[in-house]
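Worksheet: one structure, shown below.
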Amino acid sequence: MPSDKPKPYRAKRDFRKTREPGGGKGGRGRKHEPIFIIQKHRASTLHYDFRLEVDGVLKSWAVPKGPSFDPREKRLAVEVEDHPIEYATFEGSIPEGEDGAGEVIVWDRGRWEPVGDPHDGLRKGKLEFDLDGEKLHGRWVLVRIHSRERSSKPNWLLIKQHDDFARPLTEYDVETAEPRSV
Ligand code: MN
């Protein structure tokens, strides 16, 4: 058995019950621009699962209010377990009784490019990157606001940086303007 499976992800799911992908095909050695994906997830509370491909897995954050193009909007992003790369295309229903039960749609997808070394960014708690998605574009930053030592699920803020894509929330709310699946 490959040892690089994200075990917490698998441990939390019963694959006889959920149609979510199990992962474990091995994402190493992939040579392409890394992908990002945002899944809109109607679980007990609606949230957006923001996922960045790093080293063959999807680093993941749950963003309760979703992203905003307004640099003044600092959106809470709760770090959650890495997901397997195959999760990027998952849409459907997670059955009742399973972790995250509810409907999942792929709300945005595309390529992402880190500014600098993403491993440094993740470790230091400031990850800056460009998104080239169908809905999201331009430069964004994730800033960790609680230290790893104090919480098993660190909190981050997802913030739009000032660039040509930035827009005030009063002018454009991507969540209500673009509610549907890609
Ligand atoms: Mn979720």
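The values are calculated or read from the model by the stated rules, or taken from the named source; none is laboratory data. Computed from a predicted model, the values in this text were never measured in an experiment. Reconstructed Cβ throughout: ideal geometry from the backbone, glycine too, with neighbour counts over all protein chains shown. All accessible areas refer to the heavy atoms of the entire protein, side chains included, with ligands and DNA or RNA removed. Shrake-Rupley method; radii C 1.70, N 1.55, O 1.52, S 1.80 Å.
Values for this structure:
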{"read-out": "Average Cα contact separation per residue, the chain, under 8 Å, 6 or more apart, as relative contact order %", "value": "22"}
{"read-out": "Environment charge at E103 (Cβ cut-off 9 Å; Lys +1, Arg +1, Asp -1, Glu -1)", "value": "+1"}
{"read-out": "Cα gyration tensor shape for region 25-182, rounded if a/c is under 1.5, else prolate or oblate", "value": "rounded"}
{"read-out": "Net charge contributed by nearby residues that have their C-beta within less than 10 Å of H47 (K/R +1, D/E -1)", "value": "+2"}
{"read-out": "Fraction of accessible area attributable to carbon and sulfur, the chain (%, probe 1.4 Å)", "value": "48"}
{"read-out": "Net charge over other residues, Cβ less than 12 angstrom from the Cβ of E128 (K, R count +1; D, E count -1)", "value": "-1"}
{"read-out": "Which listed pairs, of K17/K65; K12/K126; K12/K153; K65/K124, have C-alpha distances above 22 Å, in listed order", "value": "K17/K65; K12/K126; K65/K124"}
{"read-out": "Where region 33-166 is the region considered: accessible area per residue in Å², 1.4 Å probe", "value": "46"}
